[in-house]
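A short worksheet on the structure shown next.
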Amino acid sequence: MSQSTASEISSDSVTVCKTIADLRAQLTSIRNRGETIALVPTMGALHEGHISLIEIAGKRADAVVVSIFVNPTQFGPNEDFDSYPRQLQEDVESCARAGVSIVFAPDREEIYAEESYFNISIISLNEHMCGGSRPGFFEGIVLVVNKLFNIVEPQIAVFGQKDIQQVQILRQMVKEFHHGIEIVSGPIRRANDGLALSSRNTYLSDEERVEAPGLYRSLLYIEEQVRSGVHTPKLLIEHQKSELEAKGFEIDYLNLFAKKTLAPVETLQKGQEYIIAGAAYLGKTRLIDNILIEL
Ligand code: AMP
C-alpha cells in the first residue's frame, strides 16, 4: 500500500487523490508494474449506472481510475451547479466496493487555472439534442475530458450510452486530437420501472418519480412503431409529446436522430442507425433518455 500524503487519503482498497501530482505518482507505480489503466469520468453521486461502467472498465484494464469532479464549465448560469449532489465519502466507499484502484477528486483550482486563456470550440455534432438547448455544455465537457485524458493518460475510458451525444462527441475528439484512448460505451442502467438511473433523480418528488418512467415508455412506443414499419415518424412523435405534456412533462426535445451526425431525421432508411432520444423537465428535474435502433 502507498504512503499517504496530506492531499491523499488511503483506505485499504482505494486511494483518493486530490491533486494531479499525487495522482501521477500513483499512476507511475501502476505503469511500472506493467498494468493498464481505465478511466471512468463522473460527477459523483454514484449510482448503479456508474458502478456498471466501473465493472466494464475493470474487465478491460488492470487498474480503474474514477474521477469525481462536478465540472463548472459544463453548467449554464441558470443550471444546478450549486445544488448538484455531492457525497464524496459515500462515493469513495462505493468505489472501494466496486474494486476501483484510485478515486481522483480534485478541487476546481486543480483543474482550472484562475484565469484561463484557452477553450475548445466544437464545429458540429452539438447543434441538436442536449447541445441545442444547453449552450456551452459540450464545450465544457470536451474541455474537462481533454484535461482528464492528459492527466490520467488511460488506455481506455468508459462512458454511458445514457449520454449518447457525449459519447459520440468524445469519440470524435479522441480521433481528431490523437489521444490514442479507446472510448467504450456502457448500456443504460434502469430502475425496475424503466427510469434511467441518474444522479439528478434525487430531485424528483414522490409524485414526479411515479411519472418519470413515462419518458422511457414513449421512447419504447416510438421504437416499436418504427420497427413495425413507421418510417416517417413525425406525427407519431408529436402525439407522444402531447401525451407526455398531459402528464406534466415539459419537453425539451423528442425525436429521431442519425447516429453518425446527431442531426434530426424525418424519413428513416433501411441499414441506417438512429437514436430515439428525448429530454424533458418534470418539475425542476431534467430527464434524458435514448434508445439506439438499427433498421
Ligand atoms: P455523470 O456523473 O452524470 O456525469 O455520469 C458519469 C458517467 O456515467 C457518464 O458517462 C454517464 O453517461 C454515465 N451514466 C449516467 N447514468 C447512467 C446510467 N443510468 N447507466 C449507465 N451509465 C450511466
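The values are calculated or read from the model by the stated rules, or taken from the named source; none is laboratory data. Keep in mind it's a predicted model, so treat the numbers as computed, not measured. Here the Cβ positions follow ideal geometry from the backbone for every residue, glycine too, while neighbour counts run over all protein chains shown. All accessible areas refer to the heavy atoms of the entire protein, side chains included, with ligands and DNA or RNA removed. Shrake-Rupley method; radii C 1.70, N 1.55, O 1.52, S 1.80 Å.
Nonpolar atom fraction for the stretch 176-263, defined as the carbon and sulfur part of the 1.4 Å probe accessible area, stands at 49 percent. Solvent-accessible surface of the chain, taken per residue with a 1.4 Å probe and all protein chains present: 49 Å². Here the 3J(HN,Hα) profile of the stretch 205-215, calculated from phi with Karplus coefficients 6.51, -1.76 and 1.60 at θ = phi - 60°, is 6, 4, 5, 5, 4, 5, 7, 3, x, x, 4 Hz, Gly and Pro shown as x.
For the stretch 112-224, a Kirkwood hydrodynamic radius built from all Cα pairs, placed in the Stokes-Einstein relation at 25 °C and 0.890 mPa s, yields a translational diffusion coefficient of 151 µm²/s. Contact order for the chain, expressed relative to its length and based on alpha carbon pairs under 8 Å spaced 6+ residues apart, stands at 17 percent.
For residue 270, the lysines whose Cα falls under 19 Å of its own Cα, not counting residues fewer than eight places away in the same chain, are 234, 259, 260. Proximity of backbone amide H atoms, modeled 1.01 Å from N, is registered between residue 160 and 186 at under 5 Å, excluding neighbours fewer than 5 places apart on the same chain. Only helical runs count toward this figure. For the chain, summing -39,500 (n - 2.57) over DSSP H runs of n ≥ 4 and dividing by all residues gives -11000 deg cm²/dmol at 222 nm.
The Cα-based radius of gyration and maximum Cα-Cα distance (Dmax) for the chain are 19.8, 62 Å. Each peptide among 69-77, 264-272, 15-23 gets the average number of other Cβ atoms lying within 10 Å of its residues, and from highest to lowest they stand as 15-23, 69-77, 264-272.
For the stretch 93-198, the set of GluC sites (Glu not before Pro) satisfying both a DSSP loop assignment and a count of at most 10 other C-beta atoms within 10 Å is given as 114, 115.
Overall shape: oblate for the stretch 163-295, with the ratio a/c of the largest to smallest alpha carbon gyration tensor axis at 1.5 or above and b/c at least equal to a/b. Here the Karplus relation 6.51 cos²θ - 1.76 cosθ + 1.60, evaluated at θ = phi - 60°, turns the backbone of the stretch 33-43 into coupling constants of 7, x, 8, 8, 10, 10, 10, 10, x, 9, 9 Hz, with x for every Gly and Pro.
3J(HN,Hα) along the stretch 58-69, derived from phi through the Karplus expression 6.51 cos²θ - 1.76 cosθ + 1.60 where θ = phi - 60°, amounts to x, 7, 9, 8, 6, 10, 10, 10, 10, 9, 10, 7 Hz, with x in place of Gly and Pro.
Restricting attention to the stretch 157-283, close to 75% of DSSP beta bridges with both partner residues there are antiparallel.
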